[in-house]
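Taken together, the values in this text are just the output of simple stated rules run on the coordinates, not laboratory data. Quick caveat: nothing in here was measured; it's all calculated off a predicted structure. For neighbour counting, all protein chains shown are included, and Cβ atoms are generated from backbone atoms with ideal geometry for every residue, glycine included.
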Amino acid sequence: MTKRKILLFAVLFGLTIAILFGCSSKSDDANKDSKTPIKKYSMQDLKNQLQSDNSSILFINFWATYCGECRKEMPDLIQFYDEFKGKVKLIGLSLDESEDEVRNFIKISKVNFPIYMSDKELAKHLMINAIPVTFIFKNGKYAGSHLGSYSFSQLKEDFEKLK
């Protein structure tokens with residue numbers, strides 16, 4: 001082989017290795033992120049949240065990817081959080097069994113607020129038997145709830161009443 005062919009072979013071989021390992025690394029990182037468990041949110045987490053949020057308004061929304069009304073209200077929740085971020089806290093608690101479905105929904109819907117998997121005991125303790133349902137807390141104290149799909153205008157109105 002001539003020096004030119006050897007150099008060309010080395011460059012092509014190096015590029016091939018870089019592409020293969022570069023793509024592999026990125027893919028592994030993406031898979032790692034997409035497989036990171038979604039944190040469970042428990043009764044203790046709620047108690048801690050309410051104790052630390054003693055000067056704010058908190059909306060906790062129970063939902064699931066299989067619930068049509070939940071899917072319908074998600075754009076309104078996203079818009080609400082977008083507009084009032086910094087003035088209000090919004091947490092989504094999924095009742096789904098599959099974290100993968102929740103992750104996919106978050107990605108596709110571009111959810112901009114924290115989503116957790118609800119601990120079954122928390123849902124049982126709060127007697128969640130229909131979704132979507134949103135609990136509202138002000139200064140760490142229960143301030144109300146909303147059963148069913150929550151529109152942006154309803155969210156905004158309830159927030160304004162509590163300010």
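Applied to segment 75-92, the Karplus parametrisation 6.51 cos²θ - 1.76 cosθ + 1.60 on θ = phi - 60° returns per-residue 3J(HN,Hα) values of x, 5, 5, 4, 4, 4, 5, 4, 6, 10, 4, x, 9, 9, 10, 10, 10, x Hz, with x for Gly and Pro.
For residue 133, the residues whose amide H sits under 5 Å from its own are 62, 148, ignoring neighbours fewer than 5 places away on the same chain, with H placed 1.01 Å from N.
Diffusion of segment 40-162 by Stokes-Einstein, at 25 °C in a medium of 0.890 mPa s and with Rh set to the Kirkwood radius over alpha-carbon pairs, works out to 171 µm²/s. On the beta carbon distance between residue 52 and residue 162, with R0 = 22 Å, the FRET formula returns roughly 0.75.
Between residue 66 and residue 112, the simple label model (points 7 Å from Cα in the Cβ direction) yields a spacing of 3.1 nm.
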